[in-house]
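Values in this text are rule-based calculations from the coordinates and carry no lab data. Bear in mind the structure is a predicted one, so any value in this text is a computation, not a measurement. Positions of Cβ are generated from backbone atoms using ideal geometry, with glycine treated the same way; all protein chains shown enter the neighbour counts.
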Ligand code: ATP
Ligand code: MG
């Protein structure tokens with residue numbers, strides 16, 4: 001019996017791959033314009049990195065990690081990008097260089113979730129991080145990249161929602177208020193959230209269970225509990241966004257699914273792709289480095305789901321330019337012509353042209369039919385008679401015009417055609 005791909009994974013077939021290239025290139029180029037450099041980290045890390053970074057009361061750590069033991073060490077497939085990048089930054093002492101540091105990445109992530117449209121177990125994220133500054137200019141810059149990228153991809157229905165989730169100082173007071181609010185409903189909470197009630201009640205706001213979602217309606221908002229510093233920072237952020245002409249909506253309900261966030265939290269949400277509408281989510285994490293045993297290094301960044309991005313583009317009717325057809329197809333009649341064709345084909349490819357040839361021993365009629373399916377610009381025909389004179393015929397597939405050209409002039413002729 002054929003073994004299928006595991007549930008929650010998706011193959012990117014060649015007819016889709018060009019779309020991935022398109023968004024991947026656009027994202028890299030945009031980040032470079034903003035002065036970000038690419039960073040790559042391994043697909044798996046020591047499990048404790050995520051337990052400490054993402055937080056051991058989060059859904060990700062409690063339910064969704066792919067974890068195994070190898071040689072007595074517990075390893076985990078990366079469920080998100082930020083903790084590994086912070087780990088690498090600290091491990092390689094990159095903080096010793098000129099700050100801030102600005103990184104971008106394009107990574108596969110793995111979470112054992114319930115697969116749905118826009119929710120996979122193996123998915124992909126673009127991400128950016130700025131380390132080393134707690135100025136809200138950095139938060140605004142990160143948000144601007146997300147905003148500009150989404151716009152550049154032709155998506156126009158996405159809304160930017162922002163919130164502040166405070167710092168450890170103001171959060172303590174807020175947690176007390178939240179416990180007070182949830183106390184009479186405690187018995188109705190799911191078991192995971194009962195445990196979170198004492199340890200980390202803010203996580204209950206992010207619980208996926210519909211019953212718990214109902215119970216937290218009307219809960220107090222972190223925004224009403226911010227300390228002076230956090231409130232000023234939030235005002236600062238809004239001012240920066242306005243100065244850049246970036247529209248936003250304050251959504252006091254955003255908590256984010258990872259424990260490391262402080263102050264700024266934001267999401268870009270599409271209304272067109274249903275329940276899994278958050279295309280991009282991020283925020284500030286001023287204590288993550290210390291949490292991981294590093295020096296104090298403030299940071300801010302986002303993760304942007306590539307599958308969700310493509311779904312949103314599709315839902316919005318965005319046309320991604322398909323790759324161009326080949327410059328030429330080389331058809332041949334007879335064995336000597338075949339060898340001459342092989343030689344010509346390789347020479348043209350080495351010079352940078354996209355050239356196709358039949359590998360299936362089709363007869364000449366079959367080769368022409370095949371060339372039609374490939375939608376090539378020209379068909380080069382090599383016959384025994386022409387070959388003796390060092391010539392080939394070139395047929396322009398659009399006009400149907402056929403001309404004879406010297407073998408050593410084929411490149412110039414095709415290049416002029418581009
Ligand atoms: P959600 O609320 O949708 O579960 P999240 O809060 O878990 O999102 P992050 O951990 O911040 O999301 O990840 C950043 C982005 O990665 C999301 O906004 C989304 O676009 C994408 N993403 C997250 N989980 C998945 C998944 N299981 N499948 C596909 N994309 C995902
Ligand atoms: Mg999630």
Between helix 136-152 and the chain: long-axis angle, C-alpha atoms, 0 to 90°, nearest 10
40
What order, most packed first, do the peptides 353-362, 149-158 have when packing is the mean number of other Cβ atoms within 10 Å of each residue?
149-158, 353-362
Gain upon complete extension [residue 20, residue 75; 0.36 nm per residue less C-alpha separation]
16.9 nm
Euclidean distance of C-alpha centroids, the range 334-366 and the range 40-86, integer Å
50
Out of the DSSP beta bridges found with both residues in the chain, what percent are antiparallel (nearest 5)?
80
If you take the Cα atoms of the range 1-138, find Rg, then find the Kirkwood Rh from the mean of 1/r over all pairs, what is Rg/Rh?
1.00
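How do 412, 259 rank when sorted from fewest to most other Cβ atoms within 10 Å of their own Cβ? Write down the numbers at each step before the final one.
Details: 412 11, 259 22.
Final ranking by Cβ density, sparse to dense: 412, 259.
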I'd like the distance between the alpha-carbon centres of the range 108-141 and the range 272-323, rounded to an integer number of Å.
4
Can you give me the relative contact order of the chain as a percent, contacts being Cα pairs under 8 Å and 6 or more apart?
15
Using the alpha carbons of the range 137-270, what is the convex hull volume per residue in cubic angstrom, as a whole number?
112
Starting from a Cα-only point model with no solvent, please compute log10 I(q)/I(0) by Debye for the range 286-418 at q = 0.10 1/Å.
-0.48
What is the order of 103, 34, fewest Cβ neighbours within 10 Å to most?
34, 103
Per-q log10 I(q)/I(0), the chain, q = 0.06, 0.14 Å⁻¹ (Debye; single scatterer per alpha-carbon; no solvent)
-0.37, -1.21
Please determine, in degrees from 0 to 90 and to the nearest 10, the orientation of helix 14-33 with respect to the longest principal axis defined by the Cα atoms of the chain, where the helix direction is its Cα long axis.
60
When only C-alpha pairs under 8 Å and at least 6 residues apart count, what is the relative contact order of the range 291-362, in percent?
28
Protection-proxy order for peptides 388-396, 3-11, each taking the mean of Cβ atoms within 10 Å per residue, highest first
388-396, 3-11
Based on other C-beta atoms within 10 Å, arrange 261, 95 from fewest to most.
95, 261
What is the angle, in °, between the Cα long axis of helix 306-315 and the longest principal axis of the Cα atoms in the chain? Nearest 10 is fine, range 0 to 90.
70
Calculated FRET efficiency, residue 11 and residue 393, Cβ-Cβ r, R0 41 Å, to nearest 0.05?
0.50
Here the Kirkwood hydrodynamic radius of the range 71-229, Cα-based and in Å, equals 19.2
Which order, highest average first, do 370-382, 277-289, 69-81 follow once you tally other Cβ atoms within 10 Å for each residue and take the mean per peptide?
277-289, 370-382, 69-81
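Evaluate the relative contact order of the range 200-279 (contact order divided by residue number), counting alpha-carbon pairs under 8 angstrom at least 6 apart; express in whole percent.
26
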If you take every DSSP beta bridge whose two residues both sit in the range 270-418, what share of them, in percent to the nearest 5, is antiparallel?
65
Quick one: length gained pulling residue 66 to residue 338 fully straight, 0.36 nm per residue minus the C-alpha distance?
92.7 nm
